[in-house]
1. Could you list, in sequence order, the residues of the range 45-63 that are farther than 15 Å from residue 18 by Cβ and acidic (Asp, Glu)?
2. Go through the range 27-60 and give me each residue that's among the basic types (Lys, Arg), surrounded by 15 or more Cβ atoms within 10 Å (Cβ to Cβ) and either out of contact with any Ser or Thr (no Cβ under 6 Å at 6 or more places or on another chain) or assigned to a helix (DSSP H, G or I) (or both).
3. If you scan the range 66-88, which residues turn out to be among the hydroxyl-bearing types (Ser, Thr, Tyr) and buried (at least 20 other Cβ atoms within 10 Å of the Cβ)?
4. Go through the range 1-33 residue by residue and tally those that are within 15 Å of residue 73 (Cβ to Cβ) and of a type in the set (D, E, K, R).
5. Would you call residue 92 surrounded by fewer than 20 Cβ atoms within 10 Å (Cβ to Cβ), in contact (Cβ under 8 Å) with a residue 40 or more places away in the chain and either more than 15 Å from residue 3 (Cα to Cα) or touching an Asp or Glu at 6+ places or on another chain (Cβ under 7 Å) (or both)?
6. Output the number of residues of the range 6-26 satisfying the condition of being touching a residue at least 40 places away in the same chain (Cβ under 8 Å), outside any loop (DSSP other than H, G, I, E, B) and at negative phi.
7. Taking only pairs six or more apart or across chains, which ones have beta-carbon atoms under 6 Å, a first residue in the range 95-114 that is in contact (Cβ under 8 Å) with a residue 24 or more places away in the chain, and a second residue that is in a helix (DSSP H, G or I) and aromatic (Phe, Trp, Tyr)?
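A short reminder: the numbers here are calculations on the coordinates, not readings from a lab. Being a predicted model, the structure only gives us computed values, none of them experimental. Here the Cβ positions follow ideal geometry from the backbone for every residue, glycine too, while neighbour counts run over all protein chains shown.
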Amino acid sequence: MRHGGGCHCGALRIEFESAITPEEMEVRACQCSFCRKHGSHAVSDPAGSVRLILQEEAVVRRYRFGLATTDFLICGRCGVYVAAVMEEAERRYAIVIVSVLDDAARFTQSATPMDYSGEDETARRARRRARWTPADFVIS
């Protein structure tokens, strides 16, 4: 299944592919202060793929905090948080924020609160490699 979406103004688009139906996909609610302030619920599928399409690359803002292992992608024009991406050894892994997907209403699982505050950098990177979705950027 392919799920399209993106920010409000269209500068940052996303395509998320997964064989898991939206109704069966685990939805997670990270409990870090950034995700709580955004009210974000995220999905990923290690067997799927994410394409982040930068319609206007200069508008996309990358925010890092904490262990600084991941870029949180936010549209600098409309302010929407779209995805988080970790780059490692020339590979990228991402989570997708459910609310930016055009078919967000189909992701009906209750969000599971997740607390990652006890992880060090090594554990955090290992979890993301194992659970996040392989991702690529497309600049158009």
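1. Of the residues in the range 45-63, the ones farther than 15 Å from residue 18 by Cβ are 52-63.
Answer for the range 45-63, where residues must be farther than 15 Å from residue 18 by Cβ and acidic (Asp, Glu): 56, 57.
2. Applying the first criterion (among the basic types (Lys, Arg)) to the range 27-60 yields 28, 36-37, 51.
Still in the running and surrounded by 15 or more Cβ atoms within 10 Å (Cβ to Cβ): 28, 51.
Residue satisfying the conditions is 51 alone.
3. Our first condition is that a residue be among the hydroxyl-bearing types (Ser, Thr, Tyr); within the range 66-88, this holds for 69-70, 81.
Across the range 66-88, the qualifying residues are 70, 81.
4. Counting residues in the range 1-33 that are within 15 Å of residue 73 (Cβ to Cβ) and of a type in the set (D, E, K, R) gives 2.
5. Values: surrounded by fewer than 20 Cβ atoms within 10 Å (Cβ to Cβ): yes; in contact (Cβ under 8 Å) with a residue 40 or more places away in the chain: yes; either more than 15 Å from residue 3 (Cα to Cα) or touching an Asp or Glu at 6+ places or on another chain (Cβ under 7 Å) (or both): yes.
So residue 92 passes the test.
6. Of the residues in the range 6-26, 4 are touching a residue at least 40 places away in the same chain (Cβ under 8 Å), outside any loop (DSSP other than H, G, I, E, B) and at negative phi.
7. none
Listed here are the residues, each with its yes/no results for (1) more than 19 Å from residue 134 (Cα to Cα); (2) in contact with a strand residue (DSSP E or B) (Cβ under 6 Å, 6 or more places away or on another chain); (3) of a type in the set (Lys, Arg).
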{"site": "5", "(1), (2), (3)": "no, yes, no"}
{"site": "11", "(1), (2), (3)": "yes, yes, no"}
{"site": "42", "(1), (2), (3)": "no, yes, no"}
{"site": "51", "(1), (2), (3)": "no, yes, yes"}
{"site": "54", "(1), (2), (3)": "no, yes, no"}
{"site": "70", "(1), (2), (3)": "no, yes, no"}
{"site": "76", "(1), (2), (3)": "yes, yes, no"}
{"site": "90", "(1), (2), (3)": "no, no, no"}
{"site": "96", "(1), (2), (3)": "no, yes, no"}
